[in-house]
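Here the structure comes first, spelled out in structure tokens, and everything after it is commentary.
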Amino acid sequence: MLIVETVLKPDQFGGIGLFSATLLLKGSLIWIHNPIVDIAVTPEQYEALAPTFRALLDKHAYPRDYKANDGVIEYNADNARFMNHSSQPNTYQDDHCRLLTARDVQPGEELTRNYLFFDPTCDLSWNEEPSVNVDAPTG
């Protein structure tokens with residue numbers, strides 16, 4: 001669940017991105033897990049959903065824990081689902097599964113994550129930016 005003020009705007013690739021509405025200093029906590037907002041979906045639940053909602057999950061959900069390889073995905077029901085990939089993100093995930101800023105983030109700057117950190121099998125062929133696989137968060 002996002003805990004900072006953000007806005008949705010067009011991103012540099014013609015999609016939608018999540019942008020900071022305020023100055024965020026390096027190390028600012030921006031996201032914490034909240035099971036009401038960050039919904040875990042089991043493979044059985046996924047299969048029982050209407051195709052239109054499965055398509056939404058296919059686009060915006062990610063493995064809850066890729067190391068567990070249990071097929072459970074997580075869907076952010078707030079605007080966190082619009083945080084885009086970057087091989088040089090301005091956020092990182094700590095050991096408590098919280099997102100923090102890796103450096104100062106200016107108002108109006110897009111908030112980004114490295115998708116390969118939480119999903120090493122993520123298909124980034126759609127992304128026009130070169131990807132870099134990371135084993136540890138930056139910050």
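The values are calculated or read from the model by the stated rules, or taken from the named source; none is laboratory data. For clarity, every value in this text was computed on a predicted model and none was experimentally measured. Cβ: placed from backbone, ideal geometry, glycine included. Neighbour counts: every protein chain shown. Heads up: the accessible areas ignore ligands, DNA and RNA and are worked out on the full protein's heavy atoms, side chains in. Shrake-Rupley method; radii C 1.70, N 1.55, O 1.52, S 1.80 Å.
Observations, loosely collected:
- Each of the peptides 20-31, 4-15 was scored by the mean count of other Cβ atoms within 10 Å over its residues; in descending order, highest first, they stand as 20-31, 4-15.
- Potential lengthening between Ala77 and Ile39 on full extension [0.36 nm per residue; Cα-Cα distance subtracted]: 13.0 nm
- Net dipole in debye of the chain [+1 Lys, Arg Cβ; -1 Asp, Glu Cβ; about Cα centre; nearest 20]: 220 debye
- Helix axis angle, 51-60 relative to the chain longest principal axis, alpha carbon, degrees: 30 degrees
- Computed on protein heavy atoms with a 1.4 Å probe, the accessible areas place Arg113, Arg54, Arg64 in the order Arg64, Arg54, Arg113, largest first.
- Formal net charge of residues neighbouring Cys97 (Cβ-Cβ distance under 12 Å; K, R +1; D, E -1): -3
- Kirkwood estimate for the chain, i.e. one over the average of 1/r between Cα atoms, Å: 15.6 Å
- Approximate spin-label separation His96-Tyr62, in nm, with each point projected 7 Å along Cα-to-Cβ: 2.0 nm
- Å² per residue, accessible surface of the stretch 1-105 at 1.4 Å: 57 Å²
- Rounded FRET efficiency, nearest 0.05, which uses the C-beta distance separating Ala55 from Gln12 and R0 of 30 Å: 0.75
- Fraction of accessible area attributable to carbon and sulfur, the stretch 31-99 (%, probe 1.4 Å): 53 percent
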